[in-house]
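Data block below; observations after.
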Amino acid sequence: MGKNQESAKAIVKGVGGVSNIKMLTHCATRLRFTLGDTAKADVPALEATKGVLAVVKQSDTALQVVIGGGVEQFYDEIMSLPEMANVKGGEVEDDADSELTNDQVKAQERAKTKGKNKWVDSFFEFLSDSFRPIIGVLLGASLIIAIINVLIACHVVSNETQSPTMLFCKAMYRGVFYFLPIMIAYNGAKKLKVDPWVGASIMGAVMTPEFLALANPDKYASVFSTTDGQAAANAALNCVTNSTLGTSSCTTKVFGITMQLNDYSGNVFVPLLMVAVLALVYKGLQRIIPNSVQLVFVPFLSMLVMIPVTAFIIGPIGVWLGNGLGTGLAWMNNHAPFIFAILIPMLYPFLVPLGLHWPLNALMLMNIDTLGYDFIQGPMGTWNFACFGATLGVLIIACREKDTQMKETAGGALAAGLLGGVSEPSLYGIHLRYKNVYKRMLIGCFAGGLTIAILGWLFPSTLADGTVVRGVTTTAFAFTSLLTIPVFNQMWVYAVSIAVAFAVSAILVATLDYRTPEQKAEAHARIAREQAKEAGKAAPAAATATAVKAAPAATKSAPAVPAAADAAPTTEILAPIAGHAVTLEDTGDAVFASKALGEGLGIADPKDSRVVAPVAGVLKTVAKTGHAYGIKTDDGVEVLVHIGIDTVKMGGEGFTVAVTKGQRVNAGDLLATVDFDKVAAAGHPTVTVMTVTNSKKLASVTPHTGVDVSAGDAVIDIAH
């Protein structure tokens, strides 16, 4: 058992238990919790926990537990608890190897729009969670279609639509799309905390042969016990045709009431609308029916109410909504194909990070259901391949610079994209971290969209029913990868378009780079450190010892020199930067002002971009983002230098780190170069805070404030 395990358990309990923890990360001094609700946290209990210096609530979901220099040990103890196995974690600003996880990057992007319209947030979350669990089978079905098309092209399988072989092949993928409404109803009901089988059963009721026979008595003649019944059903039918979509709509009389009849197989809007209404009915019944009989009567009454409501009202509305949206997009595709083909790939890079692409995905499925084909996925594919091309550009640079870390990230993301059609590893692993990628990638999106627009117009295709379409279509919901190219009609047009998007993005990123000058310098410094570490590992121990003796002025990656037994006492701490010395209360940070991280001061109005070491010692902490440094002197004084307030949110932009963790520095050695204009432009105070984190172990720590200082001036007196 670790020495901090009891405290770790107490902290988990104090924040409201594991069920209240969404994510845990740590920085140089603090545990950063993302909670379901900070109101569930017991702040007094947390503050009374051994090792905890302070607790700060930042919002309804964000809470910080201030630990100090030992934060990493506390973090490790908490994450090693068995109950924390499924909680996401990471280091957000601790050392050179720390990185935000892809999920954290995703959360940051979505947080930019969250909270402004909660009902909009909830809607898109509901939409996303209704589709996400079935992405695997949709991908599987699209790959089966691709394989079948390849087999047909190679004359391995006959294209005779009614042959037993082809019928069986169609059944292999058709089941996913046919029963899609039932799957969505199940997932949607589960998301809304309703018995998912009730949702699935209601949707299934309007997909039975008996329901379908109402609209097509001749096809389902076996449903009727007599020919008179079949004739009566035919006589009650009244059908009209939609000239734009080429679909028909029929009505009949049920209980003397007119019912619009639809084939709901493959429909996505109807189950989504249905489960939303079902949630109101189901939860209303739960409130009025005694618990002892809810198992029987809540599902029974829900089905009794919702099946007619779905058949008479929700189903027709859902079909009308889907047809309306499909008609609008079909009109644009037919009458303004250039605008449509360019608009789709230009929108997707901004929709996907926020999860706002699901409505378009739903429309793709609706188009396949109503039209028999979809025209959105072709232009969408150019965005995907522009995304993958940008990733290739990053990989080329990584190989050129021998950047092992980025080679692994970009290589894995590229493989996932080209073979699986999955853009998330590229998007969250690279593109959103380096915003210059978007500037290059959007040009690739435009080039691909323009190509598909021009070729689609010059070379229109004729579908099996004689419909002439200007553009690329598909009869499957396909993840746009190399493997699914065969599912697209006008395959050569699609292949050329995605190749253009891919090549343009790759070339632009590879030639113009994807990083800002600061990010590039930081990457080069990291690569140098990694290479130095590898060289150090390869060198024999004797040679390493000789090199250390021969070169007392250690390089950045040299191991820390042990403290001397008779180290001279530290009596003063120097200013790390020129500016105006202020009290901790005037820094604008509640944690520093509380002196939970020790006595110290802030230096406001920086006069220089260079931040230097205030004491001689060993660097125990170097934030990857460059904003925080912890130095321990040979006689045990622990000094924290924190540049700016909340500057961790800048992700290292504007900070060029000159040192590495474990390095020995002398007072006045450069720690970092900071672009304070960028810090101010990002909305963060530019004050540099310096504290003695183990002040309580010293006789006195006396800061000198209210004066202008230069870097190297004595600003804190120490007594042991």
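The values are calculated or read from the model by the stated rules, or taken from the named source; none is laboratory data. Quantities reported herein were computed from a predicted structural model and do not represent experimental measurements. Reconstructed Cβ throughout: ideal geometry from the backbone, glycine too, with neighbour counts over all protein chains shown. These accessible areas exclude ligands, DNA and RNA; they are computed on the full protein's heavy atoms, side chains included. Shrake-Rupley method; radii C 1.70, N 1.55, O 1.52, S 1.80 Å.
Express in nm, to one decimal, how much length is gained between Lys697 and Asn666 on full extension, taking 0.36 nm for each residue of separation and deducting their alpha carbon distance.
Between Lys697 and Asn666, full extension yields 8.9 nm more.
Apply 1/(1 + (r/R0)^6) to the Cβ-Cβ distance of Lys170 and Leu482, taking R0 = 22 Å, and write down the FRET efficiency to the nearest 0.05.
Calculated value: 0.40.
With a probe of 1.4 Å, find how much accessible area the range 433-512 has per residue, and write the answer as a whole number in Å².
Per residue, the range 433-512 has 41 Å² of solvent-accessible surface.
How would you classify the range 457-519 from its alpha-carbon gyration tensor, with a ≥ b ≥ c the square roots of the eigenvalues: rounded for a/c under 1.5, else prolate if a/b is greater than b/c, otherwise oblate?
Because a/c hits 1.5 or more and a/b exceeds b/c, the range 457-519 counts as prolate.
Please tell me which of these pairs span more than 27 angstrom C-alpha to C-alpha: Lys9/Lys191; Lys193/Lys253; Lys50/Lys697; Lys620/Lys649; Lys191/Lys407; Lys40/Lys88?
As for pairs spanning more than 27 Å Cα to Cα, those are Lys9/Lys191; Lys193/Lys253; Lys191/Lys407.
Run the numbers on the range 138-190 and let me know its relative contact order in percent, using alpha-carbon pairs under 8 Å that are six or more apart.
Computed over the range 138-190, the figure is 36 percent.
Search the structure for amide H atoms under 5 Å from the amide H of Ala658, placed 1.01 Å from N in the peptide plane, and list their residues when 5 or more places away or on another chain.
Here the answer is Ala672, Thr673, since their amide H atoms fall under 5 Å of that of Ala658.
Which order do peptides 679-685, 19-25 fall in by mean Cβ count within 10 Å, highest first?
Taking the mean over residues of other Cβ atoms within 10 Å, the ranking is 19-25, 679-685.
Quick one: Karplus J couplings for the range 180-187, per residue in order, coefficients 6.51, -1.76, 1.60, θ = phi - 60°, nearest Hz, x for Gly and Pro?
Taking θ as phi minus 60°, the curve returns 3, x, 5, 4, 5, 4, 4, 5 Hz for the range 180-187.
On full extension of the chain, what length is gained from Thr258 through Ala521, given 0.36 nm per residue of separation minus the C-alpha to C-alpha distance?
Here the segment from Thr258 to Ala521 would lengthen by 87.6 nm.
Residues with amide H under 5 Å of Ile67's amide H, sequence separation 5 or more or different chain, H placed in the peptide plane at 1.01 Å from N; which?
Amide H neighbours of Ile67: Arg30, Leu31, Leu53.
Would you mind calculating the gained length between Ala276 and Ala232 on full extension (0.36 nm times residue separation, minus the Cα-Cα distance), in nm to one decimal?
12.3 nm
Would the range 1-85 count as rounded, prolate or oblate if I go by the C-alpha gyration tensor, calling it rounded below 1.5 in a/c and otherwise prolate when a/b exceeds b/c, oblate otherwise?
Rounded, since a/c falls under 1.5.
Once phi is turned into ³J(HN,Hα) by the Karplus curve 6.51 cos²θ - 1.76 cosθ + 1.60 with θ = phi - 60°, what whole-Hz value does each residue of the range 685-700 show in order, with x for glycine and proline?
Values per residue, Gly and Pro as x: x, 8, 5, 9, 9, 10, 10, 9, 5, 10, 4, 5, 8, 9, 5, 7 Hz.
Once you place label points 7 Å from the Cα toward the Cβ at Glu210 and Asn86, how far apart are they in nm?
3.9 nm
Using amide H atoms built 1.01 Å from N in the peptide plane, name the residues 5+ places from Gln58, or on other chains, whose amide H lies under 5 Å from its own.
Amide H to amide H, under 5 Å and 5 or more residues apart or across chains, Gln58 pairs with Leu63, Gln64.
What does the C-alpha gyration tensor say about the overall shape of the range 582-690? Classify as rounded when a/c is under 1.5, otherwise prolate if a/b is larger than b/c, or oblate.
Oblate, because a/c is 1.5 or more while a/b does not exceed b/c.
From the phi of every residue in the range 42-51, what ³J(HN,Hα) in whole Hz does the Karplus formula 6.51 cos²θ - 1.76 cosθ + 1.60 yield, where θ is phi - 60° and glycine or proline is x?
Result, rounded to whole Hz: 9, 4, x, 5, 5, 5, 8, 6, 4, x.
Calculate the FRET efficiency for Val240 and Leu304 from the Cβ-Cβ distance with a Förster distance of 22 Å, rounded to the nearest 0.05.
Efficiency for this residue pair is about 0.10.
How big, in percent, is the set of alpha carbon pairs in the range 372-494 lying more than 16 Å apart?
Considering the range 372-494, 62 percent of its Cα-Cα pairs are separated by more than 16 Å.
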